[in-house]
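Please read the structure below before turning to the comments.
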């Protein structure tokens, strides 16, 4: 049963979400009317995580925090800023220009504060030695690699061996401490923790649109050349005004790893469902065009998995804690580029 979340959370909760469900937290009585400093770090951090999750409901499920608490935090940030940061109704949730700008400005700062706070909080447990991990290719390129580089700069006695692959590999057989994977995972006997969400966006180049036009409804997608990351991706699920629909995509090119698909899309070969973190800037600049903008590919969870009974060295635990905190912020920072002013 979910415990009521506090009105105010001490700063370490920014990188350890279990504080939200811990009774030993700093709270503000309701009679104070939640009078916290404008743009408090807690509220800003939760605004970023709400934006990254894509809705209050999804953030509530992802972090096991009541939707009403998250709504209050979002309202506090909006009141402090004096302008709406999201446009939301029963069916959609989108950042305003001000919301995107705020994430652009604050996400890197909050992440650096988290790293510093984490180091201070765990200063009695020196992080040193080798950490072995794995993650998917395109997710690593845009999210994981910048973060582990930042971690290594802050922890000079740690070495990371990272195996970047889209193949599902056995952590124990490969001697890995943990992995990051996207989407539903088969039961592997590993512990898992959802730490974020990723969306894919149907995209095409302007040259493709001029030559072939673009589909106006999901069923017309079958008439177009499509570029896939695998044979298993030949069917795409879309969510929009008509609810959920599944559409078959006619493969003109199947190409792995997934981040390689972007080049032929940019050259006008066809339509592809690409990670939003990969194409946000290209969509913002007009280099790519979103196909079927009223329809969205449902988000896939970013999951951290690790062996159930293995002892974790301080360096492993420290890196995992850092990624649990930093991955959602990095995703939100990249996606915010889509709505950023030019």
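Just so you know, all these numbers are worked out from the coordinates, no wet-lab data involved. Being a predicted model, the structure only gives us computed values, none of them experimental. All Cβ positions, glycine included, derive from the backbone under ideal geometry; neighbour counts span all protein chains shown.
Could you tell me whether the stretch 188-342 comes out rounded, prolate or oblate from its Cα gyration tensor? Rule is a ≥ b ≥ c as square roots of the eigenvalues, rounded for a/c under 1.5, then prolate if a/b exceeds b/c, otherwise oblate.
Numbers: a/c = 2.24, a/b = 1.81, b/c = 1.24.
Taking the square roots of the gyration eigenvalues as a ≥ b ≥ c, the stretch 188-342 is prolate.
I'd like to know how the stretch 48-114 sits against the 2.2 N^0.38 Å rule of thumb: what's its Cα Rg over that expected value?
Working: Rg = 11.8 Å, N = 67, 2.2 N^0.38 = 10.9 Å.
Against the empirical 2.2 N^0.38 Å value, I get 1.08 for the stretch 48-114.
Taking Cα pairs under 8 Å and at least six residues apart, what relative contact order does the stretch 200-290 come out at, in percent? Present the calculation step by step, with values, prior to reporting the outcome.
Values: 146 pairs, mean separation 39.4, N = 91.
The value is 43 percent.
Restricting things to Cα coordinates, could you compute the convex hull volume per residue of the stretch 238-318 in Å³?
With only Cα atoms used, the stretch 238-318 gives 178 Å³ per residue.
Between residue 145 and residue 300, what FRET efficiency follows from the Cβ-Cβ distance if R0 is 22 Å, with the result rounded to 0.05? Spell out each step's value before the answer.
On the way: r = 20 Å, r/R0 = 0.89.
According to the calculation, E is roughly 0.65.
What translational diffusion coefficient, in µm²/s and rounded to a whole number, does the Stokes-Einstein relation yield for the stretch 200-290 at 4 °C and a viscosity of 1.567 mPa s, taking the hydrodynamic radius as the Kirkwood radius over Cα pairs? Working shown, then result.
Details: Rh = 13.1 Å.
Here the translational diffusion coefficient equals 99 µm²/s.
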